[in-house]
Amino acid sequence: MSTVILTTVGTSLLTNAKKAIKDNPTDQDILNYLQADPKKACAETNSLSRILQAGDEIILLYSATEEGRKAAHLLQQYFLQANVPCGLVEIGGLAYEAKGFVDFGLKNFVRTLAGEIRKAAKRQREVIINATGGFKAEISYATVLGLAFKVPVCYIHEQFKEIAILPPTPIGWDSSLFVWYADFFDWLSAGEAGLRPKVEAESRAALLPEEAQVLLEEFEFEGQVYLGLSPLGEAYLEAFKNELEQAQGVPIYLYGQTRRELEKFEPATQERYHKLLQRLRLPNRAALSEFKSGRGDALGYPKGQVDERLFYVEKDGKLYVFALTRHGPEYDKMCREGFYWSNYSEDDFEPWEG
């Protein structure tokens, strides 16, 4: 299977060309320099020359700076002339201005890189992140995304002779924070640009555990302080969204009466339960479930500080949902009485497409 190589772009091509040519080189001069010795010319071609295989495609992600655009366009021209498919993606806000870089550029970089990983996956292409060029912070967050999305990350400096490849980690990250505190993160994301005024958000954020609060950051804009996800929080949120997308193929069946009750709920309540059912498909559902069903077979989902709950059992890769409820007396009653699979048949359940 061919691979999409997502490559961050810096300006080492321009810097090295100026040193070598000792003048103000034209674009053609730089291209000639690049073609003469690609490994020596810049970090991007140094790394790509070691990992690029026949049939692979390159996507160059570059900063919204004059130098970043120029370097990326010259690299694209070089690869196209070599008959290598090569696309360009500019990262808005990824510039030298420190405040914009932190407040917007890095978060936009995370979203864009995550989006390119998803695009490649939908085309059934393998992905490698080539985190060689660009700002140091880009390389750091590209590595975080690689770990979270379980795709390999490679890195090489133009002075190094060997490329380092960080393989897809076998250790999964815990997406449970986005399930347990879904209401808060959904509310935060619904704000303009994913931000909420600090005075409005701090009381809600104070209820989160420390491991969730570290995903948040304060941002200042036009004299007002806002609260939103940090670039790290954005990276993990994108990985969580990817898990949701990947999990959509897990079949869910609702007990007939439960399905009819769901259809009678008001739209806002239906939407909350739809999200809960979608999250049930996540691979870490067992860790988020608790055995609350008396001596029965069903698990309560999810545990933690949430109002909407459900009871389910997993059989042969299929999820059967007995009941939807809310935390409170009804939930406690269901916990005491339990749900026994022997009292049901598969015909009692109807497929839920979500």
Might you let me know whether the stretch 39-49 holds any residue that is within 30 Å of Tyr226 (Cα to Cα) and buried (at least 21 other Cβ atoms within 10 Å of the Cβ)? no
Residues that are in contact with a helix residue (DSSP H, G or I) (Cβ under 6 Å, 6 or more places away or on another chain), over 27 Å from Phe109 (Cα atoms) and free of Cβ contacts under 8 Å to residues at least 12 places away in the same chain: find the helices (runs of 4 or more DSSP H) completely inside the stretch 1-82 holding 1 or more of those. none
The condition from (1) of a type outside the set (Lys, Arg); (2) under 28 Å from Gln246 (Cβ atoms); (3) surrounded by 14 or more Cβ atoms within 10 Å (Cβ to Cβ); (4) modelled with pLDDT under 90 that Glu353 misses is numbered (3)
Kindly evaluate Gln248 against the criterion of being touching a residue at least 12 places away in the same chain (Cβ under 8 Å), polar (S, T, N, Q), closer than 25 Å to Arg111 by Cβ and open to solvent by 70 Å² or more (accessible area, probe 1.4 Å). yes
Any chance the stretch 29-40 includes a residue that's touching a Gly at 6+ places or on another chain (Cβ under 8 Å) and at pLDDT 90 or above? no
Flagged pairs (Cβ under 7 angstrom, 6 or more apart or on separate chains; first in the stretch 86-106, part of a loop (DSSP other than H, G, I, E, B); second at pLDDT below 55) are Gly93/Gly100; Leu94/Phe101; Ala95/Phe101
Does Ala142 satisfy the condition of being modelled with pLDDT of 90 or more, open to solvent by less than 30 Å² (accessible area, probe 1.4 Å), assigned to a helix (DSSP H, G or I) and among the aliphatic types (A, V, I, L, M)? no
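The values are calculated or read from the model by the stated rules, or taken from the named source; none is laboratory data. For clarity, every value in this text was computed on a predicted model and none was experimentally measured. Cβ coordinates were reconstructed from backbone atoms using ideal geometry, including for glycine residues, and neighbour counts include every protein chain displayed. Remember, those area values only see protein heavy atoms, side chains included, never the ligands or the DNA or RNA. Shrake-Rupley method; radii C 1.70, N 1.55, O 1.52, S 1.80 Å.
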